[in-house]
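Remarks on the structure that follows.
Coordinate-derived values only; no laboratory data. Keep in mind that this is a model prediction, so the values were computed, not measured. Virtual Cβ from ideal backbone geometry, glycine too; neighbours counted across all protein chains shown.
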């Protein structure tokens with residue numbers, strides 16, 4: 001992530017571009033933590049089993065242990081998580097899912113059961129379980145309620161610029177794993193600390209006793225290599241987590257600052273964003289120009305040039321252009337009159353085949369792409385009068401900005417003028433405020449705001465059978481359609497523009513995955529990049545605020561007759577693909593709901609009415625479900641939805657064999673709900689304990705059931721949050737263990753409580769399939785019987801789908817008797 005090759009460059013030149021902070025600290029140290037880097041780094045180094053679908057209980061405890069270790073050494077932590085995905089990041093997100101999830105899943109299911117169960121294969125195919133974000137946020141929020149030294153922030157859009165801006169306001173460092181943090185800058189920002197280079201040192205009590213032991217007249221001889229290894233294992237560690245059971249804990253933190261890097265490269269610090277755009281970053285790493293769809297970097301760099309060498313080459317080019325412009329002895333043609341002139345000259349100088357290799361229009365397009373990429377680093381200067389923590393939260397809308405300057409408020413309120421709904425514009429403002437407050441409190445997922453921000457949706461993709469339909473589509477989409485309708489009625493979804501439609505058409509015709517991501521920048525009084533804002537507006541008039549408002553106003557008039565569309569990014573076969581979903585009207589969804597009255601935004605209704613709507617949408621408005629404890633609502637609603645959904649798909653397809661296989665048995669539903677019991681039974685402890693007992697077998701059926709229920713839980717929680725029921729219907733993620741679920745599926749050593757089970761099966765008796773019965777000895781006669789109507793493997797629903805002529809056979813008659 002970040003600028004291509006910059007991480008390697010920093011390590012190779014560490015003495016010249018960094019300094020080191022060691023504890024004990026002289027005073028309180030403020031550190032802003034990149035939330036997603038924290039999740040990936042912690043889970044990858046934890047050794048937790050990922051293949052079973054997530055060990056969220058253990059992961060949540062690990063999150064709290066790691067955070068408390070930092071708090072104990074006197075650090076104040078400010079976690080920052082990404083907001084809605086920006087449109088420029090879509091290609092990167094698509095490429096990452098294809099490369100890190102879908103392709104490993106394909107390899108997993110094409111590998112033998114024995115080979116794919118080896119530690120090496122699982123390590124190389126590691127994926128992040130789908131609900132780790134929820135588990136991490138819940139754990140941090142719980143810790144923040146008891147410790148004022150820890151805060152959790154949710155960014156307006158991309159987390160990196162928000163983190164650097166926050167660090168500049170409070171005088172802090174940023175802890176992460178993204179080289180963009182050494183390019184981004186703001187006044188007061190102290191520098192970037194890579195997570196992978198943090199070194200913990202400690203002295204354990206056991207080692208102290210050994211050191212003081214009397215060895216008599218004998219001299220203890222220790223192999224140097226063995227001694228070094230033992231000390232490394234017991235006394236130090238690298239990364240986020242300090243050594244266990246250690247005393248006198250110290251930490252060494254390497255700090256990379258934009259000023260030090262710019263000084264080392266001998267260019268102004270304000271030109272670091274331009275250097276990143278020219279070298280290649282997450283925005284243009286694989287973006288193509290009009291020149292035969294070639295990668296921009298292929299126009300600038302020889303293939304034999306290393307990633308670090310490219311950084312040096314661009315820096316040297318910038319130096320030469322600036323040096324020629326500043327020399328009074330040079331001719332007028334060498335003068336740089338504007339930043340746009342600087343970018344144009346640099347592009348011309350970097351072209352491998354010279355300026356004549358591209359036409360004027362093609363070169364202008366390359367310059368425009370570089371300008372657009374560079375602007376993603378821009379961070380506005382703080383104009384307030386209250387620096388430090390006292391200046392945070394000027395309003396309830398945003399921790400950093402006034403409401404009029406908050407990107408999230410602007411994004412959510414852009415549809416307010418002329419919004420077509422039953423209530424008034426004042427009600428829409430109230431709904432927007434409610435959503436913003438829930439988002440800042442962590443009660444509204446950033447994925448719930450993607451449809452409002454960019455008209456897109458990004459359900460999590462995890463390990464599942466690539467030959468079957470993606471669970472995000474088959475299970476989650478009907479629930480997400482409710483979310484889209486509620487958001488459109490409450491705050492309004494963006495209309496699809498003509499340019500978006502043209503882009504979609506091009507996307508459908510292009511099978512190649514395009515990588516792009518997120519980056520950001522820095523602002524200064526004499527920042528040479530500031531004119532780029534005006535330059536970009538000249539290149540694209542729609543970037544001007546007034547033009548955008550006029551465009552939005554005209555779109556709202558069209559919204560009265562045109563349906564809204566949300567683009568969902570879900571797996572299609574062996575790649576992530578964009579699929580357009582027409583947003584249904586809320587009135588059409590409420591058609592079957594008793595006493596449904598459209599008197600205004602649903603979000604402003606009393607909580608009990610919103611809860612009733614949730615149960616109605618999930619087809620689970622029963623007295624038994626209503627009487628459940630809050631902690632069991634999401635598990636029961638999720639498994640009921642999957643059971644009903646799989647049964648409906650089987651009926652719609654005439655009880656075909658493949659659809660019948662998807663249906664759940666009662667034992668499988670029991671195994672899932674048993675995960676959420678407060679105290680495990682002795683049989684369950686024996687079945688699921690780690691260590692000598694070994695891990696449960698990795699079975700295809702168990703993996704697919706986990707994928708289905710994970711997609712359902714994600715969608716159910718998204719709908720409850722959209723209805724502002726995050727507190728009424730809390731997330732159960734931290735109590736779910738994929739490994740325990742797999743073990744219970746294989747051993748059936750535990751049962752859910754009676755009230756939970758009765759609420760689960762209420763009204764669903766016909767939606768389950770029968771348990772398959774494995775016959776130990778299959779004689780020829782039994783095989784023939786099985787071909788005619790195997791009573792042990794064919795569900796009851798299949799018997800109803802058999803033709804009359806087939807049902808008249810003697811063997812089918814026996815099958816019907818055996819099924820009773």
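Calculated FRET efficiency, residue 615 to residue 385, Cβ-Cβ distance, R0 = 51 Å: about 0.55 to the nearest 0.05. Here the range 76-205 is treated as a Stokes sphere of Kirkwood radius computed over C-alpha pairs; at 4 °C and 1.567 mPa s its diffusion coefficient rounds to 73 µm²/s.
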